[in-house]
Amino acid sequence: MSDILLSVEGLAATYNYVIRAVNEVSFAVRRGEIVALLGANGAGKSTTLQAISGLLPARRGQRAAGRIAFEDRDIASASPAKLVRSGIVPVLEGRHCFLSLTVEENLITGAIGREAKSRMIRTDLEEIYELFPRLKDHRRSISGLTSGGEQQMTAIGRALMSRPRLLVLDEPSMGLAPLVVEGIFRALKRLNRERGLSILVAEQNSTVALRFSDHAVVLENGHSVLSGASVALRNRDDIKALYLGGSLQTDSTKKVLTHAVA
Amino acid sequence: MFDYQFFIEVLIGGLLSGVMYSLVAIGFVLIYKASGVLNFAQGAMLLFAALTFVSLVERGASLPAALVATLATMIVLGLAIERTVLRPLVNQPPITLFMATLGLSYVIEGAAQLLWGTQVHGLDIGISDTFEVAGVLISRFDLFAAAVAGSLVAVFALFFRYTRTGLSFRAVADDQFAALAVGLRLPRVWAAVWTVAGIVALVGGLLWGARLGVQFSLSLVVLKALPVLVLGGFDSILGAIVGGLVVGAIEKLAEVYVGPSFGGGIETWVAYVAALALLLIRPSGLFGKKLVERV
Ligand SMILES: Nc1ncnc2c1ncn2[C@@H]1O[C@H](COP(=O)(O)OP(=O)(O)OP(=O)(O)O)[C@@H](O)[C@H]1O
Ligand SMILES: [Mg+2]
């Protein structure tokens, strides 16, 4: 068995068969590794992750070229439900909690796809409450009334309920205070260390992402232009300067709105 | 002197007939919430159910047998529609889906006609007289219809609250993209919802058929449901219930107290006026989704 869990080779993707969002993206995630996908607004991070999770059709997007393999099997045309059951579980950009459901109901939805027994669901819930104690306090609260950080934890917890082998997170830091971001990345690191969970995380916040990841891939205009060990990239000023100015935060909220409309 | 007793009688009559509107509206809301489709064919489904039932009975089937057979037919019909028409159109714009259901309603009506002919059938549930409570006349049939509709709603409420399919439904209704990402199998949820819509159509069809006779104009009760949906909000089951009651009451009260100055017959359109008025004030309806969000 090779130690490569996920490999993406020469991925190209379009929206409505016209707009090229991703041109040529290649990278790999090894077992037990945290890989960060870095890039500025519109670089193609979300498109890449959605291609991996089979979510492009729901966004009227298409994979135009390339190969995506999970454990050496081509998964490029599998349905999201099937991918979740085989272990690739997404945490969407902008959290996407079920706002009118309670926090606990949100978590339980993550276990429905794999047809978990009620007893298993209970033990899994306890594990998640242990990881995110705040969710336990708010388990009966309506999700839409909880804070942004709590919603991000709910979204991650909901994904964990599917018992992922590769967790695919899209900008978990978006719109959150630095301290909250720190807490969330610590939890991810803990999952990675204690359970060997492999993680692919797209981030604009390169500082945090490079601190917690093992490897990083940089996207620019739909191309993967650079990749390497995160320790090495951390010390390169040009990365921040070229691709990832910290001042893009306001742009990114604008982006969320256009996504919501589209 | 204002005759309160008469007023209450009219009001109760209106509320009870409103329950029947709610029943039709709920069928719409379920499918709308689960897939964002305004299923115009709900009326045709209702007609199809009633027609199948009376035709079976006329051909000698016992009432329970006819009921079970019709129920099975409606479930199959619902599943077939979901599978052959709506699933292939998934991710298409809402207007495409709406047009598809509009076309579908004609196909279903045509099929009903082909199968069972075009004549008007009577449907006698055997409950017709009225009784008096504190001097107020109440129709026994209306009360029966309200009780049936009420129990149906209660069963659905429990189903959506406590089962996994129910939870999946509420998740899909909240955020379809997230439901997909979480790994819920949307086609299963849709199939469940169309099954439920088929059951609602059956119950609605029998009750409406008993009241109006089973005939092709039965499919026009969808037009009665529209103002209910506007009033209650397209995505709220509670809204459909309250909206139906309000429309029923407004119609009857207006007919009796305002109608004479228009020369009568305002029952058919007054609900639309009320719905339009509400649209101007609250476009999302009384109970329509104002997203739950933190302020
Ligand atoms: N649903 C869509 N329809 C059409 N074009 C889209 C859609 N989603 C994204 N795009 C376009 O595809 C390109 C890549 O977008 P993508 O969302 O993948 O970038 P991103 O790196 O995730 O950006 P951000 O940091 O803002 O989330 C952008 O030019 C964007 O405008
Ligand atoms: Mg993105």
Practice task
Return one whole number: the accessible area per residue of the range B:4-281 in Å², for a 1.4 Å probe.
Solution key: 42 Å²
Exercise for the section: Please find, in a Gaussian network model of chain A (springs between Cα atoms separated by less than 10 Å), the residue of A:Met120, A:Met161, A:Met174 whose mean-square fluctuation is greatest. Expected result: A:Met120
Completion exercise
Counting only backbone N atoms under 19 Å from a point 7 Å out along Cα-to-Cβ of B:Val120, the residues of the range B:203-222 in range are B:205-222
Exercise for the section: Mind putting a number on the dipole of chain A about its Cα centre? Charges go on the C-beta only, +1 for Lys and Arg and -1 for Asp and Glu, and I need it in Debye to the nearest 20. Expected result: 480 debye
Completion exercise
If each part is reduced to its alpha-carbon centroid, the range A:87-132 and the range B:155-197 end up apart, in Å, by 15 Å
Exercise for the section: Could you pull out every residue, at least 5 positions away or on a different chain, whose amide H is within less than 5 Å of the one on A:Glu220? Hs are placed 1.01 Å off N in the peptide plane, and Pro or chain starts have none. Expected result: A:Val225
Completion exercise
Across A:97-109, the residue-averaged tally of Cβ atoms belonging to other chains within 10 Å stands at 5
Handout entry: Choice from A:Val225, A:Val168, A:Val35 showing the highest fluctuation, given a GNM over chain A with Cα pairs closer than 10 Å
Key = A:Val225
Problem - Cβ neighbours within 10 Å from other chains - mean over A:68-81 - result: 2
Fill in the blank from the handout: For B:Asp129, the accessible surface traced by a 1.4 Å probe with all protein chains present amounts, in square angstrom to the nearest 10, to 80 Å²
Problem - Most mobile listed residue (B:Ser55, B:Ser217, B:Ser284) in chain B, GNM with C-alpha springs under 10 Å - result: B:Ser217
Problem - Whole-number accessible area per residue in Å² for chain A, which is evaluated in the context of all protein chains at 1.4 Å - result: 43 Å²
Practice task
Express the carbon and sulfur contribution to the solvent-accessible surface of the protein assembly as shown as a percent, rounded to the nearest whole number, probe 1.4 angstrom.
Solution key: 62 percent
Practice task
Any chance you could run the full-extension gain for B:Ile138 through B:Phe6? It's 0.36 nm times the residue separation minus the Cα-Cα distance, nm to one decimal.
Solution key: 46.4 nm
Fill in the blank from the handout: Log entry, pair B-A: total buried accessible area, probe 1.4 Å, protein chains only, in Å² rounded to 100, is 2600 Å²
Completion exercise
Applied in sequence order to the range B:165-174, the curve 6.51 cos²θ - 1.76 cosθ + 1.60 (Karplus, θ = phi - 60°) yields integer Hz couplings, x standing for Gly and Pro, of 4, x, 5, 4, 4, 5, 5, 4, 4, 6
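When only Cα pairs under 8 Å and 6 or more residues apart are kept, what is the percent relative contact order across chain A?
27 percent
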Exercise for the section: Treat each spin label as a single point 7 Å out from the Cα along the C-beta direction, and report the B:Ile127 to B:Ile95 distance in nm. Expected result: 4.4 nm
Handout entry: For chain B, average projected area of the Cα convex hull in nm²
Key = 18.2 nm²
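The values are calculated or read from the model by the stated rules, or taken from the named source; none is laboratory data. Treat the numbers as computed from the prediction; the structure is a model and nothing was measured. Cβ: placed from backbone, ideal geometry, glycine included. Neighbour counts: every protein chain shown. Just so you know, the surface numbers come from the protein's heavy atoms only, side chains and all, with ligands and any DNA or RNA stripped out. Shrake-Rupley method; radii C 1.70, N 1.55, O 1.52, S 1.80 Å.
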